[in-house]
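K.L.:
Quick one: structure below, then a few questions.
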Amino acid sequence: MAAKNTTSRTILIGLDGVPYGAIKTLTQTGIMKNLATIIEEGVFRKMASSIPEISSIAWSSIITGKNPGEHGIYGFVDVHPGTYRLFFPNFSTLKAPPFWATDNGRSVIINVPSTYPAQKINGVLIAGFVALNLAKAVYPAELVPYLTDMGYQIDVDSGKAHQSIDLFLKDLDRTLKSRITAYRYLWDTQEWHTFMLVFTGTDRLFHFLWNAYEDPHHTYHETVLDHFRQIDEVVGEIHNKMNDDDHLLLMSDHGFEALTCEVNLNYYLKEHGFLTIPEGKEDNFTNIDRTTTAFALDPSRIYINLEGKYPQGSVNPEDKEHVMDDLISLFQSLEANGQKVVKNIYRGGDIYHGPYMEQAPDLVLLGNKGLNLRANIKAKQLIDKGIFTGKHSQEDAFLVVKGKKNLDIIPEFPTVSDIVNIKDNLNRKER
Amino acid sequence: MRAIKKGMERTRSKDATITIVSGLPRSGTSLMMQMVEAGGMPVVTDNIRKANDDNPRGYYEFEKVKTIKDDSSWLPSCHGKAFKMISELLYHLPSNHTYKVIFMKREMEEILASQGVMLRRLGKNGSTLGDEKMAGSFEKHLQYIESWLATQSNITVLYVKYNDIIREPRPYAQSLNHFLGGWLHEEHMTQVVESSLYRQRRESTVQSNNYVDNEEEEVKKQLEDLGYL
């Protein structure tokens, strides 16, 4: 390990979508030996993801330390206020500052989801999913040619998995290797106080190949494990390069589990007369009509069609609570293949707080194990089973913090919104 | 369901009039349609003309209005709703309906400049008349149409200056609400203008921070590929 430096630094490594259970297995079976060492000498906790368990929300909470009511990100898709027109929130939509905007030192931030388009930073930022154009994904712009030369790829093309798993895996590997090259280059060439690197291929892999991860006899089982071996090498490399008093946090934004089937919430709302698209009109949100009581946005956010809030609002605000009760009863009775679909139903006002509550969903559903809740308004049936074999899970993200001496500042049951606080407390303790 | 019934009763009481947002092209009619929609009034649009950099939230076009001279059979379905119609077509409104017209007015220089930007973006040259002649022609048209509107007993008109509404949206949201019957959500109407202004300010300082039109399709595809949409 490197010599002790006078100023401690913080390194955050993200493994998108990797559940606590998988980390436990991969470290105990020797696939992630370096991480096993860090866990042995540090703190390893199960961490709760955001509600719903979606990367855009969870990473926004991780980097701001805030809940959606404070940072304004409720999903990958949202509706413009006062309309049913969809838009895709991005880094410009984030209302709370990320930690690097208020920290004193320089930061290098690589591939944090929902940080596109890149904004000015004291340091370097390479935006993560959904980032389309490298020129708009990188700050400062001078770095774009270097990244282009090293073949930096923002994300794997997941569309390839729908054509050929082999093509997808090749692209996944290429993306990972380019990310490792970029991290090494920036680690060596930049001055920094905080270094954050997120691996997102893990999430992509689990979406399409969770079955291969779980089944040792699956053709792609070893390929999946190899991906984790490569990441573990980087974890070990970083650990070795750290100074004694540097801080290291590793985390995921949500967990993963086997997907049994997808349940289409808007189909269910339509079937029970809560959502109406007039006959002859295309099934999209802008065609919602005045007899609609509620609609869902991905993955499981329910919005009451309130008068005064939406153009075709039908529910008098005075009746909102009754309507929510009706909807809760409705979703409690929802079954798929003989199994209750919904595990928990949260009222927006109970789980979110802050100045951006106007955009908050009225209800959020959490599905039972294996059941992926979807809000595809065009769905023609209640239950689907597509190409995906894995789905996000809410309660089993993970957190690892280097060093046992920090045990007292890690909550026993941390959530994604605790990361900034933990990071700041580690630095305070050092001083 | 009780909530729905209450909503339907309220809606029926608003259904007597047809609301039309009118004015010259690029006079702020799309922004006004956004306000009216945000306020809670149903709008009639076919979404054929997609949103782009010139009108990021869409044009609110309704193709059938162009046929009004020959075919007005679709008008009864617009009671209690709002649609957009360029001022030239107002002359053809049948007199057997009652209309409320929100007539957008904007500085002529800005109208011409905005039309020019849009035409350049579309790779078109625009009118051969030249700005001065074009302005004269527009001014003449406005004079005629305003005189004509003043004599129509079935049409009530509210003239709204785009530049004023941009400067101070709240009082205009109030007068607009008053004009349309007093049941619209003024705060939402105000927010539409403020967020539009915020967008313009942000775009002027940071080059295109939001996903632009062609990017949105790609974002959608990437989210669909992972089952997020």
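K.L.:
How big, in percent, is the set of alpha carbon pairs in the range A:199-322 lying more than 24 Å apart?
P.N.:
Counting pairs separated by more than 24 Å, the tail of P(r) holds 56 percent.
K.L.:
Assigning unit charges at the beta carbon (Lys, Arg +1; Asp, Glu -1) and nothing else, what dipole magnitude in debye, to the nearest 20, does the protein assembly as shown show about its Cα centre?
P.N.:
Roughly 860 debye, rounded to the nearest 20.
K.L.:
For the range A:241-326, which trypsin sites (Lys or Arg not before Pro) pass both filters: DSSP loop (anything but H, G, I, E, B) and at most 15 other C-beta atoms within 10 Å?
P.N.:
A:LYS281
K.L.:
Follow-up question, since we're still on this one. Could you let me know the centre-to-centre spacing of the range A:236-259 and the range A:147-201, using Cα atoms, in angstrom?
P.N.:
17
K.L.:
Enumerate the calculated ³J(HN,Hα) couplings along the range A:93-108 in order (Karplus 6.51 cos²θ - 1.76 cosθ + 1.60, θ = phi - 60°), each rounded to whole Hz, writing x wherever the residue is Gly or Pro.
P.N.:
Karplus values, whole Hz, x for Gly and Pro: 7, 4, 8, 9, x, x, 4, 6, 6, 10, 5, 7, x, 7, 10, 10.
K.L.:
Something else now. With the cut-off at 1.5 for a/c, could you classify the range A:1-150 from its C-alpha gyration tensor as rounded, prolate or oblate?
P.N.:
Note, shape of the range A:1-150 comes out oblate.
K.L.:
As I understand it, the dipole of the protein assembly as shown uses +1 on the Cβ of Lys and Arg and -1 on the Cβ of Asp and Glu, about the Cα centre. Which of A:LEU125, A:PHE199, B:ALA135 lies farthest toward its positive end?
P.N.:
B:ALA135
K.L.:
Another question about this same structure. Considering only A:PHE208, A:SER8, A:ALA137, whose Cα is most displaced toward the positive end of the charge dipole of chain A, charges sitting on Cβ of Lys, Arg (+1) and Asp, Glu (-1)?
P.N.:
Comparing the listed Cα positions along the dipole, A:SER8 ranks first.
K.L.:
Would you grab the residues whose amide H sits under 5 Å from the one on A:HIS353? Only those 5+ places off in sequence or on another chain, please, with H modelled 1.01 Å from N.
P.N.:
A:GLY69, A:GLU70
K.L.:
Then there's this: Does anything in the range B:159-175 have its amide N under 12 Å from the 7 Å Cα→Cβ label point of B:GLU146, and if so which residues?
P.N.:
Of the residues in the range B:159-175, B:159-161 have backbone N under 12 Å from the label point off B:GLU146.
K.L.:
Which percent of the Cα-Cα distances in the protein assembly as shown go past 37 Å?
P.N.:
Here the long-distance tail beyond 37 Å is 43 percent of all Cα pairs in the protein assembly as shown.
K.L.:
Using alpha carbons only, how many degrees (0 to 90, rounded to 10) separate the axis of helix A:320-332 from the longest principal axis of chain A?
P.N.:
For A:320-332 against chain A, the angle is about 80 degrees.
K.L.:
At R0 = 45 Å, how high is the FRET efficiency between B:GLU217 and A:LYS404 if r is their beta carbon distance? Nearest 0.05 is fine.
P.N.:
According to the calculation, E is roughly 0.35.
K.L.:
A further question follows. Considering only C-alpha atoms, what is the centroid distance from the range A:340-365 to the range A:6-76, in Å?
P.N.:
23
K.L.:
In addition: With every protein chain kept in place and ligands, DNA and RNA left out, what is the accessible area per residue of the range A:163-275? Probe 1.4 Å, answer in Å².
P.N.:
Result: 34 Å² per residue.
K.L.:
Please compute the average number of Cβ atoms from other chains found within 10 Å of each residue's Cβ in peptide A:285-298.
P.N.:
Mean number of neighbouring Cβ atoms from other chains: 2.
K.L.:
Now for a different question. In percent, what relative contact order does chain A have, based on Cα pairs under 8 Å that are 6 or more apart in sequence?
P.N.:
Relative contact order of chain A: 30 percent.
K.L.:
Under the rule of -39500 (n - 2.57) per DSSP H run of 4 or more residues, summed and divided by the residues of chain A, what mean residue ellipticity at 222 nm is obtained, to the nearest 500 deg cm²/dmol?
P.N.:
Only helices count here, giving -9500 deg cm²/dmol.
K.L.:
For the range A:163-239, what relative contact order do you get, as a whole percent, if you take Cα pairs closer than 8 Å and at least 6 residues apart?
P.N.:
Across the range A:163-239, relative contact order equals 21 percent.
K.L.:
Only sites in a loop by DSSP and with at most 14 other Cβ atoms within 10 Å count here; which trypsin sites (Lys or Arg not before Pro) in the range A:84-125 make the cut?
P.N.:
A:LYS120
The values are calculated or read from the model by the stated rules, or taken from the named source; none is laboratory data. The structure presented is a predicted model; accordingly, all values stated were derived computationally and were not measured. Virtual Cβ from ideal backbone geometry, glycine too; neighbours counted across all protein chains shown. We work out accessible area using only protein heavy atoms, side chains counted, and drop any ligands, DNA or RNA first. Shrake-Rupley method; radii C 1.70, N 1.55, O 1.52, S 1.80 Å.
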